[in-house]
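Structure first, then comments.
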Amino acid sequence: MNNFGIASLGTVPETLLIPLAARMIAPDRHPDLQFRDGEAARIGTALGFDPARFADDTGSMRGSVIRAQWFDRIAGAFIAAHPTGLCVSIGSGLDDRPARIRLPATVDWIDADFAEVVRLREALISRRDNVRIITVSKTEPLAWIDGIGWQPGRPALVLAEGVFMYLAPATGEDLLRRLVDRAAESGAPLELAADFASPVMVRQSRRNPSLAKTRASFHWAMARPGAVEAIAPGLTLVEHVDIAKRCGTLAWTMARLHQLVTGRPVYFCGHYRYRPCGTPMTGPPTDSA
Ligand SMILES: C[S@@+](CC[C@H](N)C(=O)[O-])C[C@H]1O[C@@H](n2cnc3c(N)ncnc32)[C@H](O)[C@@H]1O
């Protein structure tokens, strides 16, 4: 595989190269994070992709790795609690989380992304019996929800890492509600883990040095972690973390200023839970920032 694969990517799918670069260079650039992803290096090399294109954007590179570690932790905890559960990763890009977290064979995993990304995944990522890929339609971006095969009572985790900010707000809000409706219909617990950009981050997205290289921009903003609960009643915030506060001095200063002025995180990962009727709720949400 060479740059032909990269050249086939549209504007938004091309953003998958940003976290891929971060995972490739993490051991050299951010050894303190102790992040290792041998598959990222192998996939990047097979693709003919040089991570130097994004490597100087230290904030995005470090932030992508911290974010990946957060999602790895949430996925690991879900699998430990639900060893026969279902994990659905929306907008997986070229991330091979099942390999990184050593997904047990008892857990089913579904990756969903656009057709050009699915083609690359099929060419570059080793197949596993319990991992399947779904193609997301650009014209009907939520049709995949009905193709998941939700099973009555089966706990599910939906992961959306570096994805929601690219959605039209109405699509994103519809997605959240439809996931809750699905869980309610199948009487199954649902967990959602996603990162969200604040309104200012969405307005300024074209100034992000890595994003500018792909010419993609953000659209869907979330003002605060609790706003998700208001959009999709039934979802309850379990924890959130302000990623920007951990991405170096400049990002920390901007995140701190934003927090002081608005009282809200500038960029956060949120973990939410839906419990079908009759299931006991757990404790109050935590801010792990
Ligand atoms: C920044 S990349 C993140 C990739 C991956 N999650 C990671 O962390 O490496 C954004 C990904 O979301 C995908 N994406 C954007 N909008 C999507 C949608 N509506 N449905 C599914 N995937 C989408 C893109 O194609 C791309 O692969």
Farthest towards the positive end of the dipole of the range 3-287, among Gln204, Phe49, Trp252 and with Cβ unit charges of +1 on Lys and Arg and -1 on Asp and Glu, lies the Cα of Trp252
Under 5 Å between amide hydrogens, which residues at least 5 positions from Phe114 or on another chain qualify, with H placed 1.01 Å from N in the peptide plane? Val136
Classify the range 54-197: rounded, prolate or oblate, from the alpha-carbon gyration tensor (a ≥ b ≥ c, eigenvalue square roots; a/c under 1.5 rounded; otherwise prolate if a/b is larger than b/c)? rounded
Per residue of the range 267-272, in order, report the coupling 6.51 cos²θ - 1.76 cosθ + 1.60 (Karplus, θ = phi - 60°) as ³J(HN,Hα) in whole Hz, putting x for Gly and Pro. 7, 9, 9, x, 10, 10
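Of all accessible surface on the chain at a 1.4 Å probe, what whole percent is carbon and sulfur? Working shown, then result.
On the way: 6920 of 12870 Å².
Of the solvent-accessible surface of the chain, carbon and sulfur hold 54 percent.
Between Leu257 and Ala123, what length in nm is gained on full extension when 0.36 nm per residue of separation is reduced by their alpha carbon distance? Walk me through the numbers on the way to the answer.
Details: separation 134, 0.36 × 134 = 48.24 nm, distance 4.42 nm.
Between Leu257 and Ala123, full extension yields 43.8 nm more.
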With x for Gly and Pro, the residue-by-residue ³J(HN,Hα) of the range 204-218, computed from phi through the Karplus equation 6.51 cos²θ - 1.76 cosθ + 1.60 at θ = phi - 60° and given in whole Hz, is 9, 4, 5, 8, 5, x, 6, 4, 4, 5, 9, 6, 7, 9, 8
Can you find, among Tyr267, Ala75, Ala143, the residue sitting farthest towards the positive end of the charge dipole of the chain, where Lys and Arg contribute +1 and Asp and Glu -1 at Cβ? Tyr267
Rounded to two decimal places and with Rh computed the Kirkwood way over Cα pairs, what is Rg over Rh for the range 132-273? 0.99
In 10 Å bins starting at zero, report the fraction of Cα pairs in the range 12-100 per bin as a rounded %. 16, 50, 27, 7, 0
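Pick out the long, greasy-scoring helices in the chain: whole DSSP H runs spanning 24 Å or more along their own axis by Cα, mean Kyte-Doolittle at least 0.0. Numbers along the way, then the final one.
Numbers: long enough: 58-81 (35 Å, 0.39); 169-186 (26 Å, -0.56).
TM-like helix candidates: 58-81.
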1.4 Å probe accessible area per residue over the range 3-287, in Å²: 44 Å²
Table column - 3J(HN,Hα) (Hz), the range 152-158, Karplus curve with 6.51, -1.76, 1.60, x for Gly and Pro: x, x, 7, x, 10, 10, 10
Using only Cα positions of the range 105-174, each an equal point scatterer, no hydration layer, compute I(q)/I(0) via Debye at q = 0.13, 0.16, 0.19, 0.26 Å⁻¹ and quote the log10 values to two decimals. -0.44, -0.66, -0.93, -1.43
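Regarding the chain, what's the average projected area of the Cα-atom convex hull, expressed in nm²?
Working: hull surface 55.9 nm².
Average of the hull's projected areas for the chain equals 14.0 nm².
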Under 5 Å between amide H atoms, partner at least 5 residues away or on a different chain: which partners does Gly162 have, H built in plane at 1.01 Å? Asp195
Once fully extended, how much extra length lies between Ser8 and Asp32, figured as 0.36 nm per residue of separation less the alpha-carbon to alpha-carbon distance? 5.2 nm
Environment charge of Glu140, counting only residues whose C-beta is closer than 13 Å and scoring Lys/Arg +1, Asp/Glu -1: 0
Helix-derived [θ] at 222 nm for the chain: sum -39500 (n - 2.57) over DSSP H runs of at least 4, divide by residue count, nearest 500? -12000 deg cm²/dmol
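The values are calculated or read from the model by the stated rules, or taken from the named source; none is laboratory data. Owing to the predicted nature of the structure, the values given are computational and were not obtained by experimental measurement. Cβ coordinates were reconstructed from backbone atoms using ideal geometry, including for glycine residues, and neighbour counts include every protein chain displayed. To get the accessible areas, we keep the full protein, side chains included, count just its heavy atoms, and leave off ligands, DNA and RNA. Shrake-Rupley method; radii C 1.70, N 1.55, O 1.52, S 1.80 Å.
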